[in-house]
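Engineer: Just passing along the structure, written as structure tokens.
All of the numbers you see were taken from the coordinates with simple rules; none came from a lab. What you are looking at is a predicted structure, and each value in this text was computed from that prediction instead of being measured. Glycine gets a Cβ as well: all are built from the backbone with ideal geometry, and neighbour counts include every protein chain shown.
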Amino acid sequence: GQQLNQSPQSMFIQEGEDVSMNCTSSSIFNTWLWYKQDPGEGPVLLIALYKAGELTSNGRLTAQFGITRKDSFLNISASIPSDVGIYFCAGQFSSGTYKYIFGTGTRLKVLA
Amino acid sequence: DAGVTQSPTHLIKTRGQHVTLRCSPISGHKSVSWYQQVLGQGPQFIFQYYEKEERGRGNFPDRFSARQFPNYSSELNVNALLLGDSALYLCASSPDSNYGYTFGSGTRLTIV
């Protein structure tokens, strides 16, 4: 099935470090979402972006809707052990279409 | 408030059997979507329903079908199960198609 490219695929970082990950597409999206998924659970919505260039924060998390509308970035500042998990981006082609395309995921591990 | 609830949480079926998965959306949410998540991958879109009408369908065979009831709960049906149908099936709800989805914890379906 179709999936967006996320990088890095996985990362190990020290507690307190900042984290950056991104998501790219060959298609233009109107909406970008970022989710976090813990083992055995469904994805939890972190940030939603609705406009090109938009920069939105949620606590230590900041995400940006790329100006080309083909990419998005997620930053986590001052990481803590509970940030461990898999982070997924998801894009929607246009308002009114109901299908979100998910990325391949970035697996984050935080070393205390 | 209750989140998105799915039942059952785990299910084991044999090849060729039929399965029905159930989902109750967050109160007030009229849109329900179904996603399949194979181990190690991001969720793949199967169906989206809004106000009891199908509004989107992913690249899944006709063995997959769904419906939404007047109370906005939903069922996903899969016929003639194959080994490759083993996955986590996620249900998500939203007020309408233009908001990020809230996911349930999923149903882990194992085909033997």
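Engineer: Sequence gap at least 6, Cα distance under 8 Å: using those rules, report the relative contact order of region A:36-91 to the nearest whole percent.
Structural biologist: Numbers: 74 pairs, mean separation 17.2, N = 56.
Relative contact order of region A:36-91: 31 percent.
Engineer: Which of B:Leu11, A:Leu4 comes first, and how do the rest follow, when ranked by fewest Cβ neighbours within 10 Å? Each step should come with its number before you reach the end.
Structural biologist: Working: B:Leu11 15, A:Leu4 25.
Listing B:Leu11, A:Leu4 from fewest to most nearby Cβ atoms yields B:Leu11, A:Leu4.
Engineer: Could you please report the charge total around A:Cys89, scoring K, R as +1 and D, E as -1 over all other residues with beta-carbon less than 15 angstrom from its beta-carbon? Write down the numbers at each step before the final one.
Structural biologist: On the way: positive: A:Lys36, A:Arg69, A:Lys70, A:Lys99, A:Arg107; negative: A:Glu54, A:Asp71.
Neighbour charge sum, excluding A:Cys89 itself: +3.
Engineer: OK, next. Using only alpha carbon pairs under 8 Å that are at least six residues apart, calculate the relative contact order of chain B and give it in whole percent. Let's see the in-between values first.
Structural biologist: Values: 289 pairs, mean separation 41.8, N = 112.
In percent, rounded to a whole number, it is 37.
Engineer: If each of B:Lys30 and A:Ile80 carries a label point 7 Å out from its Cα toward its Cβ, how far apart are those two points in nm?
Structural biologist: For the pair B:Lys30/A:Ile80, the computed spacing is 3.9 nm.
Engineer: Sort A:35-47, B:58-70 by the packing proxy (mean of other Cβ within 10 Å over each peptide's residues), most packed first. Write out the running numbers ahead of the final one.
Structural biologist: Numbers: A:35-47: 18.3, B:58-70: 14.2.
Highest mean packing first, the order is A:35-47, B:58-70.
Engineer: While we're on this one: So how compact is the protein assembly as shown: Cα radius of gyration and Dmax in angstrom?
Structural biologist: Calculated on Cα positions, Rg and Dmax stand at 17.3, 51 Å.
Engineer: Which of the aspartates and glutamates could be linked to B:Lys30 by a straight reach, that is with a Cα gap under 15 Å, when you skip same-chain ones fewer than 8 residues away?
Structural biologist: B:Glu51, B:Glu53, B:Glu54, B:Glu75, B:Asp96
Engineer: Once R0 is set to 25 Å, what does the formula 1/(1 + (r/R0)^6) return for the Cβ-Cβ distance between B:Phe69 and B:Thr110, expressed as a FRET efficiency to the nearest 0.05?
Structural biologist: Values: r = 27 Å, r/R0 = 1.07.
Efficiency, rounded to the nearest 0.05: 0.40.
Engineer: For a quick check: sort A:Met11, A:Met21 by the number of other beta carbons within 10 angstrom, fewest at the front. Each step should come with its number before you reach the end.
Structural biologist: Values: A:Met11 16, A:Met21 22.
Ranked by crowding around the Cβ, least crowded first: A:Met11, A:Met21.
Engineer: Springs between alpha-carbon pairs under 10 angstrom, Gaussian network model over chain A: which of A:Asn22, A:Asn58, A:Asn75 fluctuates most?
Structural biologist: A:Asn58
Engineer: Could you line up A:Leu108, B:Leu76 from fewest to most neighbouring Cβ atoms inside 10 Å?
Structural biologist: Numbers: A:Leu108 20, B:Leu76 25.
Result, fewest neighbours first: A:Leu108, B:Leu76.
Engineer: On to the next question. May I ask which of A:Lys109/B:Lys13; A:Lys99/B:Lys13; A:Lys51/A:Lys99 have a Cα-Cα span longer than 24 Å here? Mind showing how you got there, number by number?
Structural biologist: Working: A:Lys109/B:Lys13 34 Å; A:Lys99/B:Lys13 28 Å; A:Lys51/A:Lys99 18 Å.
Checking Cα-Cα distances, A:Lys109/B:Lys13; A:Lys99/B:Lys13 exceed 24 Å.
Engineer: Tell me the net charge near A:Asn5. Cut-off is 14 Å between Cβ atoms, A:Asn5 excluded, with +1 for each Lys or Arg and -1 for each Asp or Glu.
Structural biologist: 0
Engineer: Go through A:Leu111, A:Ser79, A:Thr31 and say which Cα lies farthest out towards the positive end of the charge dipole of chain A; charges sit on Cβ, +1 for Lys and Arg, -1 for Asp and Glu.
Structural biologist: A:Thr31
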